[in-house]
Amino acid sequence: MSQRWRFWGGVALIWLLATIVDRLWWTLQVGVPAWDQADYLNSALDHGRALGLLPGGVWQGWSALLDLSPKIPPLASFVNGSVMAVSGDAPQQAAWSLSLWHGLLLMAVAGWGHRLYGLGFAWLACGLTAIVPALLELRTDYVLEMPLAAACTLALWRLDVWCDPSDGGRWNQVWGCTLAALAALLVKQSAFLVLTPAGLWTLGLVLRRRGRWVRQAMLLPLTAAALLGPWLRHNWVTSLGGTNRAVFESAAREGDPGVLSWASWLWYPRLLPEQLGVVLLAVGCSGLMLWWLHRHDSSADRGWSWCWLVINLLGAWILTTLSPNKGDRYIAPLLPMLVLLLARGWWQWGLGWQQQGLRWMRPLLAAGVLACCPAGFSTQLERLGDRPRGPLQALVDAAGGADAALPSRTLIVVPSTPDLNQHNVSYYGRRNGGHLVGRQLGGSDADRNPVLERADWVVLAEGDQGSVRKAARRLDRAVRRSGVFEQVEQFQRPKGGGYSLWRRRVDQPVQGPSFAERFPRIALGLAQGPEGLDPVFSAVALEHMLDSHFRYRQPVSLEATRRLRINPKDQQARWTLALLAVLANRPNEAAEQFAQLQTLIPDNPWPAAYRSVVNLAGWNPWAAMSVADGALKQHEEPVLRALGDLSGVLAGAVWRLPSALNTVPAAVTSVEAELESSDQE
């Protein structure tokens, strides 16, 4: 027991020293979170509010909670939002969650390292992990890669323990690896790339060993259904869409190399000297060569665990390289495994000195670890200088943000720079229970008139506009020259230029009917089928920019419900409630309204098509198939035929797959032709 306390006490000491360094960095930095960082801070803030832990939020049920994570799983935001409730919601206070995740990472590295070679090796691996430049940066960068690296490393370590042929196969071990693997997947979908090789290897072992291994392996799908299933069922459509944009569209937009090109395969290896440090990499690689030459003398090595580590590292590296979108952070979940491998090279140098009777040289090992520190520290000092700085807090205060006593409002942000964008405006505007949300408009000339007619608050930039299109600059000029807005205050930027806050003049009221008044007529556009969808959702998307609090929804719903009490056959009210349910991601409620519309307008095929689609979105392919097949008897519509075949395949009718391969492309062609014909008219 004393040795166990000594071991984990050493790990805790390494974590404590690393945390002191991190907190010093947060004390010295005076910047603001940029785009991604502010986005993840917003997510943590949302989840903390939804759990009732942070000011400005209350518990509204599971569906409302799942609404907050449409694209990325919610576990990290749950944890980070809970930490915010204790530490505070300022960026440097919220960053305590990163220290918590780093502690989990060191625990996993230590546990795995102890299995690989023992106590001293585990401490060495932990020390190297704490000073690796890339991981040091991620401890002070509010993104998901530190939680992801921690959860993936924990999962692979616990899988190693369970799969070990000598002492694995116990129920407590399978519970540990199952929960760890699901936790990794609930942090970010890219955990799939890291865990897939281990999952395939584990499946092969289970099928070969049989018996209790098969019974234990069944725990994974059952637990996944309980833990991962609710989020995936609620958000699978937006999650797939978000993954497509983040992986494929982003890769094309950024010009990343093709997955089979030499540039792709060399993308991550060329980053290693910078991410790991030249000293750590050189000593580790040379030591690994020595280990290989003396491999027959390495009786203390645990062969199974080393094979598990190396093969999973290679497999995950290949899958990560094959991902079309490349980025420095995307290799982060593999770095702890790589550090464990390189630590074995470092350890080999110490063994070599011992075998040669040169024990007095072993302190050089500690000196070598210290020699790795400058690489990370210099990177951190550069980041202090590169940290975005600007008058964000002052601007948000001037707009009435971060004040729970003021009503909710939307601030239109025309520029998009690291120090001021819609994400960090929203974060600073909602701290301390505030209700100010930032939204960016100006990507299209179509945004100009709605902003002039309906926006209340606008932020413009003098000087660099950031990553915006020419249409944003035209919107900037329109706001300044229209006479609709008056300048409230101007804020200087550290590197020249400034930001200005504009407010709608008192004598310039919002023009035209409110969106709540227009919504029922907009919803009727759904009755036109594919050609009516774009106008409907374009109008809604623009409104969600102008009114980020969706204040139109309650009065629209109340009015539609009132009209249905008077006349249950009111088609406009049914379309209104159906669209509201779709926008709120409530497929069952939408399906109920579309079913009523099928009865009210039997000659229109689109209520049945929409009903089939929302049933699919609600993970009910059997109902979707029944609706589409039933409507096809009355309407010879290619979309209904395709929906019937597609939902049938998803419902288990695999014999409909050949038909689906024909009907789905035919439906796409039919819709494209209909849209083209509509455009020509």
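Could you order the peptides 409-420, 61-72, 625-636 from most to least packed, using the average number of other C-beta atoms within 10 Å per residue?
Values: 409-420: 23.6, 61-72: 16.4, 625-636: 18.2.
Ranked from most to least packed, the peptides come out as 409-420, 625-636, 61-72.
Please compute the net charge surrounding residue 628, taking Lys and Arg as +1 and Asp and Glu as -1 over other residues with Cβ under 12 Å from its Cβ.
Working: positive: 611, 633, 641, 656; negative: 629, 637, 645.
Once all neighbours under 12 Å are counted, the net charge is +1.
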Label model pair residue 662, residue 549: point-to-point distance (7 angstrom along the Cα→beta-carbon line) in nm is 5.6
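Let me check I've understood the local charge: for residue 104, count other residues with C-beta under 14 angstrom from its C-beta, Lys and Arg +1, Asp and Glu -1. What total comes out? Please list the in-between numbers first.
Values: positive: 139, 158; negative: 145.
For residues surrounding residue 104, the net value is +1.
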Using a 1.4 Å probe on heavy atoms of the protein chains only, the accessible area for residue 40 in Å², nearest 10, reads 40
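Please report the projected area of segment 1-157's Cα convex hull averaged over all directions, in nm². If you can, show how the numbers build up before the last one.
Numbers: hull surface 41.4 nm².
Result: 10.4 nm².
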Helix-only [θ] at 222 nm, the chain, -39500 (n - 2.57) per DSSP H run of 4+, per residue, nearest 500, equals -21000 deg cm²/dmol
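Once the piece of chain linking residue 24 and residue 379 is laid out straight, how much longer is it, given 0.36 nm per residue of separation minus the C-alpha distance between them?
Result: 126.3 nm gained on full extension.
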For the chain (alpha-carbon point model, no solvent) the Debye-based log₁₀ I(q)/I(0) at q = 0.06, 0.07, 0.11 Å⁻¹ works out to -0.43, -0.58, -1.26
Scoring segment 76-175 by relative contact order with C-alpha pairs under 8 Å, at least six apart, yields a percentage of 25
Note, residue 545: beta-carbon cut-off 11 Å, +1 each Lys/Arg, -1 each Asp/Glu, net -1
Segment 543-643: spread of alpha-carbon positions along the three principal axes, whole Å, largest first, is 40, 30, 19
Once normalised by the length of the chain, the mean sequence separation of its alpha carbon contacts under 8 Å that are 6 or more apart gives a contact order in percent of 11
Of the residues 670, 601, 202, the Cα lying farthest along the dipole of the chain towards its positive end, which is defined by charges on the beta carbon of Lys, Arg, Asp and Glu, belongs to 202
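Please state the charge dipole magnitude for the chain, taken about the Cα centre, from unit charges on C-beta atoms (+1 on K and R, -1 on D and E), reported in debye and rounded to the nearest 20. Mind showing how you got there, number by number?
Numbers: 61 positive and 53 negative charges, 358 e Å.
Around 1720 debye, computed over the chain.
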Output ordering of 564-575, 156-167, 640-651 (per-residue mean of other Cβ within 10 Å, highest first) is 640-651, 156-167, 564-575
Between the modelled labels at residue 505 and residue 635 (7 Å from Cα along Cα→Cβ) the distance in nm is 5.0
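The values are calculated or read from the model by the stated rules, or taken from the named source; none is laboratory data. Source: prediction; values computed, not measured. Cβ coordinates were reconstructed from backbone atoms using ideal geometry, including for glycine residues, and neighbour counts include every protein chain displayed. The protein model used for the area step is the full one, side chains on, heavy atoms only, and it has no ligands, DNA or RNA in it. Shrake-Rupley method; radii C 1.70, N 1.55, O 1.52, S 1.80 Å.
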